Amino acid sequence: MSALPQHLDIHLIRILYLLLVEKNVSRVALKLNQPQPSISASLRKLRELTGDPLLVRGARGMVPTQHGESLLRPAKRILDEAESLFIKKSPFVPEEAAPTFHIAAPDYLDSQFLPNVVAALRRGAPNSRVIIHSLGAGVDYLRMLSDGDMDLVIANWDEPPPHLHISKLFEDPIVCTMRADAPYARRTAADAMTIEDYLALPHVAPSQMVPGYLGVIDAFLERQGLRRKVAVESPYFGLIPYMLTQTDLVLTTGRQFMRYYEKTLPLKTFTVPVKFPPMRFYQLWHQRVHQSPEHKWLRDQVSAAARALSP
């Protein structure tokens, strides 16, 4: 590995970051209260160090090159880390603070859980902004956590990514559900479904979160040398219980998820004849926010909402 250039100091990185954001030498000079020739000289030095123009003329002024764009996030990260070294953080007072929290979660959580999380955040930090992101196929949550686009991910995994911090939230036992007046449901007791029946019935399943990788249910079945018949896949998990009411489909999911729908829809729940382990839900976060007081508070609120779920 080659040594870092001796001329690469924090001030030069700050100029690099501002140039890529402002795309204008004059505005950067004003922001830093420096003469424009000094900023132009710094840009020349940055071009020499990177071997790239960084900013080039576009139709409406200067635009970053592709390499320049790629340096924006690393420069911001270096500046943030440098600031944390020398600036003493004031204590986090949720009642007074106005943080923005980015939380990613799937839509197959207990129907009480996310509303309770949001309610706790609104009560504790009324000036906060909460942005909930969907978590499905194509969402690169690992990159988003490391880049700062996401603060917390809530979901269930067979094996959570090992390089992230993790906290277990709750477990949800597995059941399967179908329309209460379906022919199979009418003739079969809730505890009498056989493995042969289970594998032969048509199933509806969530779309794969990561293309090419089986979900928790199918991955477990595969390890047992079993395979169910998935007739329908849907990325809209919250709509699946309504699909059951008009079809012969079977849904395998957590007992807590089904509680709300059992009260309002004509469904029948069966004991699953396969010894699935319970679905285990976690919150995951990156080292980037591990020591942050406001994010520790966020994680505490999420953990408290999980503990408050009805058994």
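Taking all protein chains together and rolling a 1.4 Å probe, L201 ends up with roughly 20 Å² accessible. Only helices enter the 222 nm calculation for the chain: every DSSP H run of n ≥ 4 contributes -39,500 (n - 2.57), and dividing by all residues gives -11500 deg cm²/dmol, rounded to 500. In a fully extended conformation the segment linking T245 and K296 would gain 14.2 nm over its present Cα-Cα distance, using 0.36 nm per residue. Over the stretch 29-168, with every protein chain in place, what whole percent of the accessible area is carbon and sulfur at 1.4 Å, could you tell me? About 53 percent, which is the carbon plus sulfur part of the accessible surface. Dividing the C-alpha radius of gyration of the chain by 2.2 N^0.38 Å, with N its residue count, gives 1.33.
Surface exposure of the chain, expressed per residue as accessible area with a 1.4 Å probe, stands at 56 Å².
Pairs of Cα atoms nearer than 8 Å and 6+ residues apart set the relative contact order; for the stretch 207-311 it is 16 percent.
The distance linking the stretch 66-116 with the stretch 24-51 is 29 Å (Cα centroid to Cα centroid, whole angstrom). Of the peptides 225-234, 104-113, 291-300, the ranking by mean beta-carbon count within 10 Å, highest at the top, reads 104-113, 291-300, 225-234. The protection proxy used here, the mean number of other Cβ atoms lying within 10 Å of each residue, ranks peptides 70-80, 244-254 as follows, highest first: 244-254, 70-80.
Its alpha carbons give the stretch 110-217 an Rg and a Dmax of 18.8, 55 Å. When the Cα positions of P206, V230, V216 are compared along the charge dipole of the stretch 184-236, V230 comes out farthest toward the positive end, with charges on each C-beta of Lys, Arg, Asp and Glu. Counting only Cβ charges, +1 for Lys and Arg and -1 for Asp and Glu, the dipole size of the chain around its Cα centre is about 620 debye.
For Y260, the solvent-accessible surface with a 1.4 Å probe is about 110 Å², rounded to the nearest 10. Among DSSP bridges having both ends in the chain, what percentage is antiparallel? Round to the nearest 5. The antiparallel fraction comes to roughly 60 percent.
Distance between the pseudo-spin-label points of F92 and A189 (7 Å out from Cα toward the beta carbon): 5.2 nm. For D140, the solvent-accessible surface computed with a 1.4 Å probe is close to 80 Å², ligands and nucleic acids excluded.
The distance linking the stretch 121-174 with the stretch 275-311 is 8 Å (Cα centroid to Cα centroid, whole angstrom). Within the accessible surface of the stretch 211-311, defined with a 1.4 Å probe on protein heavy atoms only, the carbon and sulfur portion equals 53 percent.
The values are calculated or read from the model by the stated rules, or taken from the named source; none is laboratory data. As the structure is a prediction and not an experimental result, all values here were calculated from the model. No Cβ is skipped: glycine too gets one built from the backbone with ideal geometry, and neighbour counts run over all protein chains shown. Surface accessibility is based on the protein's heavy atoms, side chains included, excluding ligands, DNA and RNA. Shrake-Rupley method; radii C 1.70, N 1.55, O 1.52, S 1.80 Å.
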